[in-house]
1. Of the numbered conditions (1) under 30 Å from Val28 (Cβ atoms); (2) exposed (fewer than 13 other Cβ atoms within 10 Å of the Cβ); (3) in contact with a Phe, Trp or Tyr (Cβ under 6 Å, 6 or more places away or on another chain), Tyr53 satisfies every one except a single condition; which is it?
2. Only one residue in Tyr38, Tyr51 is of a type outside the set (S, T, N, Q), outside the structural domain of Asn120 (by TED's automatic domain parsing) and in contact (Cβ under 8 Å) with a residue 40 or more places away in the chain, so which one is that?
3. When you check His98 against the structure, is it in contact with a strand residue (DSSP E or B) (Cβ under 7 Å, 6 or more places away or on another chain) and more than 22 Å from Trp74 (Cα to Cα), yes or no?
4. Just to be sure I understand, how many residues within the range 95-105 are within 18 Å of the chain's Cα centre (by Cα) and over 19 Å from Lys145 (Cβ atoms)?
5. Working only within the range 135-149, note down all residues that are more than 22 Å from Trp80 (Cα to Cα) and surrounded by 12 or more Cβ atoms within 10 Å (Cβ to Cβ).
6. Take the residues in the range 104-116 that are out of contact with any Asp or Glu (no Cβ under 9 Å at 6 or more places or on another chain) and within 17 Å of Gly142 (Cα to Cα); name whichever of them is modelled with the highest pLDDT.
7. Please determine, by comparing only the residues of the range 101-134 that are touching a helix residue (DSSP H, G or I) at 6+ places or on another chain (Cβ under 8 Å) and aliphatic (A, V, I, L, M), which one is surrounded by the most Cβ atoms within 10 Å (Cβ to Cβ).
Amino acid sequence: MELKVYDWEYFERWNLWYLIFVLVILTVIVLSVLSNNYSWWVIVLLFTAGYLYFSLKTNKTTDIIVWKQALQIWKIAYKWDDLSWFVLEYHTKKNKIHNIVILDNTGNAKIYTIKDSDKNLENFVKELNWYIPILETYKQSGMDKLIRWLKL
């Protein structure tokens, strides 16, 4: 059984978000040039280039496949003994399940935005639940909440 997902968590952003992002970057660059602190200018440019690369990467789709031996995400297979739970995140504005979160034994979360039909998701969840249990919710760190709120 397989499920089509974005390669990571996909954020739908509004136009104002991009404007604010560019204004923050430009402000830091201008302030660093005015204060003759060019190291900040270089760091911000590297951060921006890395972020843009990561954003382009996350817009690709991949499959999560349930095998008897493991869960395969992209080209990586995770043995069932290394995984603890999975969580389905509901998007209240869209009235549908938006993300699937896979939690490993150390508590690290792998979040993927679903890009498949509701029927296929239902069948996938039934199959996955044979191998690892489903949780209603999981604890996110403050940094995770901030990153998701900022849609980074």
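1. (3)
2. Tyr51
3. For His98, the condition - in contact with a strand residue (DSSP E or B) (Cβ under 7 Å, 6 or more places away or on another chain) and more than 22 Å from Trp74 (Cα to Cα) - is not met.
4. Of the residues in that region, 3 qualify.
5. If the condition is that a residue be more than 22 Å from Trp80 (Cα to Cα) and surrounded by 12 or more Cβ atoms within 10 Å (Cβ to Cβ), then Gln140, Asp144, Ile147, Arg148 are the ones that fit.
6. Asn108
7. Ile114
The rows are residues; the columns are (1) at pLDDT 80 or above; (2) more than 29 Å from Ile114 (Cβ to Cβ); (3) within 14 Å of the chain's Cα centre (by Cα).
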| site | (1), (2), (3) |
| --- | --- |
| Ile43 | yes, yes, no |
| Leu46 | yes, yes, no |
| Tyr51 | no, no, yes |
| Phe54 | no, no, yes |
| Thr58 | no, no, yes |
| Lys68 | yes, no, no |
| Ala77 | yes, no, no |
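The values are calculated or read from the model by the stated rules, or taken from the named source; none is laboratory data. Quick caveat, the model's predicted, so the values are computed rather than measured. Positions of Cβ are generated from backbone atoms using ideal geometry, with glycine treated the same way; all protein chains shown enter the neighbour counts.
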